[in-house]
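What follows is a single structure, written as structure tokens, with notes after it.
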Amino acid sequence: MRGHCILSHGFESGPDATKVTALADVAGRLGFTHERPDYTDLDAMREVSPLGDVAARVERLRGLVRDASARGPVVLAGSSLGAWISGRVSLEHDVAGLFLMAPPVRLDAKHPLDAAHVPTSIIHGWDDELIPADDVVAWSHKRRATLLLVDDSHRLSHHVEASAHAFATLLQRL
């Protein structure tokens, strides 16, 4: 086993979503164990905020990272809100790498994306309707992260295979 990947789905998605499923397949092929936490119960908590219970999402991921660290190096990957929580939790735990798909670099004015300075790879759509590509380029530039910009929207639905390939490249580098 080379390490353990925790693959966090986006808001109003699920652990069986196409992108995180493709990443799980890649991780398994490359000798990493993996898990896909389910945050759908927390996303449904609209009385907490329009994005559900984000703090509880972070806490759930923290617990998973604590448990996984005994299995070897931990890699966090996530899509959209899953990317944001992955970045946040990476600041508190020793992680080997980050893979962020359509990361919200500013969840809101008070909560910018922050992440540990570890090998980081990002895929983002030029036509993302929620998160401007220019913001992600600027965030990536400051960190010297690997960035792949594709002709797609926020869901990256036309670039699942490109996402999987970029994830494989990150895992092979670690």
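Run the simple label-point estimate for Asp38 and Glu59 please: 7 Å along Cα→C-beta, distance reported in nm.
2.0
What percent antiparallel are the DSSP beta bridges of region 3-173, to the nearest 5? Before the final figure, lay out the partial values.
Values: 1 of 24 bridges.
Percent antiparallel among DSSP bridges in region 3-173 is about 5.
Give me a comma-separated list of calculated 3J(HN,Hα) values for region 108-119, in order, Karplus coefficients 6.51, -1.76, 1.60 applied at θ = phi - 60°, integers in Hz, x for any Gly or Pro.
7, 4, 8, 10, x, 5, 9, 7, 5, 8, 10, x
Considering amide H positions built from the backbone, and no H for Pro or chain starts, which residues 5 or more places from Ile122, or on another chain, come under 5 Å of its amide H?
For Ile122, whose amide H was placed from the backbone, the distant partners under 5 Å are Leu100, Thr146, Leu147, Leu148.
5 Å is the cut-off here: which amide hydrogens, built 1.01 Å from N in the peptide plane, fall below it relative to Ser8, excluding neighbours closer than 5 in sequence?
Under 5 Å from the amide H of Ser8 lie the amide H atoms of Ala77, Gly78, Ser79, each far enough along the sequence or on another chain.
Stick to the Cα atoms of region 63-114, pair each with every other, and give me the Kirkwood hydrodynamic radius in Å at one decimal.
11.2
So if we plug the beta-carbon distance of Met45 and Thr21 into 1/(1 + (r/R0)^6) with R0 = 25 Å, what FRET efficiency do we get, rounded to 0.05?
0.55
Work out, in µm²/s and without decimals, the Stokes-Einstein translational diffusion coefficient of the chain at 37 °C, 0.692 mPa s, Rh from Kirkwood over C-alpha pairs.
On the way: Rh = 15.6 Å.
Result for D is 210 µm²/s.
I'd like the distance between the alpha-carbon centres of region 119-139 and region 9-47, rounded to an integer number of Å.
20
Show me, for region 11-18, the HN-Hα J-couplings you get by feeding each phi into the Karplus relation (A = 6.51, B = -1.76, C = 1.60, θ = phi - 60°), rounded to Hz, glycine and proline as x.
Result, rounded to whole Hz: 4, 6, 10, x, x, 9, 4, 4.
The numbers here are math on the coordinates, done by the rules we state, and not lab data. Please read all numbers here as calculations on a predicted model, not as lab measurements. Glycine gets a Cβ as well: all are built from the backbone with ideal geometry, and neighbour counts include every protein chain shown.
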